[in-house]
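What follows is one structure encoded as structure tokens, with my remarks underneath.
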Amino acid sequence: MPPLGLKLPQVAAYRRRRGVSGPFVPDLPIWRAARAAVAAGERNARILCIGDSTTAGHGAYAAGMGDNNKAGAWPTQLAQIINTRGGVASWSSITGNNNAADSRLYDSRVTFPALQGWAFSTTSGVNGSTLGGYHTMASGYNPPSKYNFAPLNACDTFEVYNPKAGGNARGWILSVNDGADLATVSNMRTPSPPGEFEKYTLTTAPGANVLNIRAQNTEATYLAGIIAYNSAIKEISVLNAGWSGAKASDLNNGSTYAYGPVNAISIYDPDLVIINIGINDANQASPTATATFSSHVQAVITAAQATGADVVLMAPTPIGSSYAANLDTLSVAVLALGVTNEVPVIDLRTRFVDYVIANGAGWMRDTLHPNVSGYAQIATAVADLIYS
């Protein structure tokens, strides 16, 4: 029986390859078809990694969300492993601000002038949660300064994602390499909530390009994400939507807004969604109730599958706090969700065993977060499932 829910390009690729030897991806027919489409030069594929600080890369090179830790996160290392295994992958993207206090310290590909109108919104509504934490906001500085994103690979295409926010006329002005203005992207919502969440695609000559974004005026203007790629080379784009400090309820927040986390999944158009959540729900004296936790995670699974994506769940890495038993309880709930939804679960406890063993192996930054070596273990576990 052919798999259900494949996107149209994937259906064609899947049918052409039925019965033909190729990459084996258990229980992930949509992802397998996407891989085949990339190999055939038909289109890009996308992996959307949704989670908390252990997806964002907290503590990779040093404690916290600074020190270019995004470069050591497991989604980044997953892209690198795919490349070493003969694929073409990149992490040339931004999905939310990952709840980093200063994106420039967390991700060296991002630059903008300090104290010139750039901030990170953390309240409800349009200037609040989206995939990967919160929007980056420009407001009140005249003349508006530039936010710059410099992918590490040559590219010719930038997809810019933003909510339509309401109020007076506002928008982003886009340029490349500090050159002439190339486009103005409306950031004004019409009509009122739930608003809109939009993608604007900017193309330019291929090369080591830097995308420049500045606000059209002093009105508050919001940026949700960027994806960059070389249209001549089909790739697997790995998107890091880790949200430092997130609980399962945060991922299921803002459902009345088009740009809320669950609703935003569809516009990023992933082929595979990997969900890794639970540490912050567990690490407290009154942990999130198992039924509540499962309900929120189920909402993310349902939203991902509704877009036509395959889903992989993770049971989180063990923690070394006094609440470790809470996390074991929620990990069991994740395994149950895998059974209910018939999706694979990567139980990271199998690899890490417990905090004492993982820390003794040199894989932990602190009692909650792996370091870059620990994130390499997670990336390998994912790659062994989806790109072996």
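The values are calculated or read from the model by the stated rules, or taken from the named source; none is laboratory data. As the structure is a computational prediction, the values presented were derived from the model and not from experiment. No Cβ is skipped: glycine too gets one built from the backbone with ideal geometry, and neighbour counts run over all protein chains shown. Just so you know, the surface numbers come from the protein's heavy atoms only, side chains and all, with ligands and any DNA or RNA stripped out. Shrake-Rupley method; radii C 1.70, N 1.55, O 1.52, S 1.80 Å.
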In debye to the nearest 20, the charge dipole size for region 253-349, taken about the Cα centre with +1 at each Lys and Arg Cβ and -1 at each Asp and Glu Cβ, equals 220
Amide H partners (placed H, <5 Å) of Asn253, local residues excluded: Val262
Computed E for Ala232/Val356 - FRET, C-beta separation, R0 41 angstrom, nearest 0.05: 0.25
Charge tally in the Cβ shell below 15 Å around Ala205, where Lys, Arg are +1 and Asp, Glu are -1, Ala205 excluded: -2
If we count every other residue with Cβ under 14 angstrom of Thr302's Cβ, Lys/Arg +1 and Asp/Glu -1, where does the sum land? -2
Find which of Tyr222, Phe197, Leu131 sits farthest along the positive direction of the dipole of the chain, computed with +1 on the beta-carbon of Lys and Arg, -1 on that of Asp and Glu, about the Cα centre. Phe197
Among Ser322, Thr157, Ala309, pick out the residue whose Cα is farthest towards the positive end of the charge dipole of the chain, where Lys and Arg carry +1 and Asp and Glu carry -1 on C-beta, about the Cα centre. Thr157
Please build a GNM for the chain, connecting alpha carbons under 10 Å apart, and tell me which residue among Ala315, Ala282, Ala208 fluctuates the most. Ala208
Could you work out which residue, out of Arg351, Arg170, Arg214, moves most in a Gaussian network model of the chain, that is, has the largest mean-square fluctuation with Cα springs under 10 Å? Arg351
The rounded separation in angstrom of the Cα centers of region 275-312 and region 25-99 is 20
Determine ³J(HN,Hα), in whole Hz, for all residues of region 326-335 in sequence, where each value follows from phi through the Karplus function 6.51 cos²θ - 1.76 cosθ + 1.60 and θ = phi - 60°; x replaces Gly and Pro. 4, 5, 4, 4, 6, 5, 4, 5, 5, 4
Under-5 Å amide H pairs with Ser231, H placed in peptide plane, nonlocal only: Asp156, Thr157
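How big is the charge dipole of the chain about its Cα centre, in debye rounded to the nearest 20, if each Lys and Arg gets +1 on its Cβ and each Asp and Glu gets -1 on its Cβ? Please report the intermediate quantities before stating the final value.
Working: 24 positive and 25 negative charges, 150 e Å.
So the dipole magnitude of the chain works out to roughly 720 debye.
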With a 1.4 Å probe and all protein chains left in place, how much accessible area per residue does the chain have, in Å²? 37
Among Ser103, Ser90, Ser295, which one moves the most in a GNM of the chain with springs linking Cα atoms closer than 10 Å? Ser295
